[in-house]
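Data block below; observations after.
The values are calculated or read from the model by the stated rules, or taken from the named source; none is laboratory data. Computed from a predicted structure; not experimentally measured. All accessible areas refer to the heavy atoms of the entire protein, side chains included, with ligands and DNA or RNA removed. Shrake-Rupley method; radii C 1.70, N 1.55, O 1.52, S 1.80 Å.
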Amino acid sequence: MSASSSVALVTGGSRGVGRAICQVFVQRGYAVAINYRERKGDAESTLASIVAIGGTGDLFQADIRDAVQVQQVVDAVVRRFGRLDVLICNAGVGSSQLVVRQPLDQWADVIGTNLTGTFHCLQAAGNQMVKQGGGSILVVSSYAAFHGTSGQAAYAAAKAGLLGLVRTAAREWGSTNIRVNLLLPGWQQTELAGDAVPTGVALQDHCLSRTPNLDEVAKTAVHLATCCDVSGQVWNCDSRIL
């Protein structure tokens with residue numbers, strides 16, 4: 001792998017949306033750094049899938065709640081591949097509790113992973129990209145950030161916080177040619193979504209009465225991450241109106 005090749009780091013790349021994004025990046029000629037926290041077997045499956053289509057990648061374990069671990073991953077990616085061009089902040093966790101019943105430790109875990117963990121990733125990657133003279137960061141958020149969801153106070157609050165983080169970073173880093181955008185992937189049949197994925201009449205708030213295709217979401221993510229003149233923007237991948 002030469003230092004001139006393009007490199008993407010995908011947090012939470014072991015399954016679901018993250019895995020699909022890794023696969024599309026490889027199809028576009030990128031080397032892919034796959035971050036995971038605990039699911040090493042799933043991460044190895046993601047790596048095997050990109051190697052099978054002729055891609056290059058490697059695994060990098062870290063809990064993004066820990067700023068030191070995140071910095072170590074970014075440093076390791078640069079040592080392995082020579083640079084870091086794109087960061088996809090996809091790692092996240094959910095909860096299902098009403099506001100009045102929300103355990104404090106669960107609240108702290110969701111905020112610590114989805115919001116503070118993403119902040120750690122932006123900080124570490126941003127410093128590297130400044131040295132390189134530019135780069136791109138795409139943060140995966142949620143429709144819940146804009147409208148809230150019953151029983152999802154911690155999740156919605158964390159995802160809403162990402163909007164302010166993304167737009168602030170976009171303003172601060174624009175002069176250094178670092179682009180920062182936010183993506184809403186819509187409902188996907190992943191372990192995080194579980195049985196909550198809507199069907200039938202529950203899709204009436206979707207203009208097209210269907211959830212978005214995972215492959216299309218992944219392609220949109222890679223396209224947005226590689227657009228040279230787009231920053232500080234929110235892209236909604238489904239047909240719900242914000």
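Would you calculate a helix-derived [θ] at 222 nm for the chain, using -39,500 (n - 2.57) for each DSSP H run of n ≥ 4 and dividing by the full residue count, to the nearest 500?
Helix contribution divided over all residues of the chain: -13500 deg cm²/dmol.
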Accessible area of the chain with a 1.4 Å probe: how many percent of it is carbon plus sulfur? 50 percent
Please list the three semi-axes, largest first and in whole Å, of the ellipsoid equivalent to region 1-114, using sqrt of 5 times the eigenvalues of its alpha carbon gyration tensor. 29, 15, 11
For Cys228, what accessible surface area do you get with a 1.4 Å probe? Give it in Å², rounded to 10. 100 Å²
Calculate, for the chain, the solvent-accessible area per residue in square angstrom, rolling a 1.4 angstrom probe over the heavy atoms of the protein chains. 46 Å²
Shape box of region 39-97 [Cα atoms, principal axes, largest first, Å]: 43, 25, 19
One computes Rg over Rh for the chain from alpha-carbon atoms, with the Kirkwood Rh, and obtains 0.95
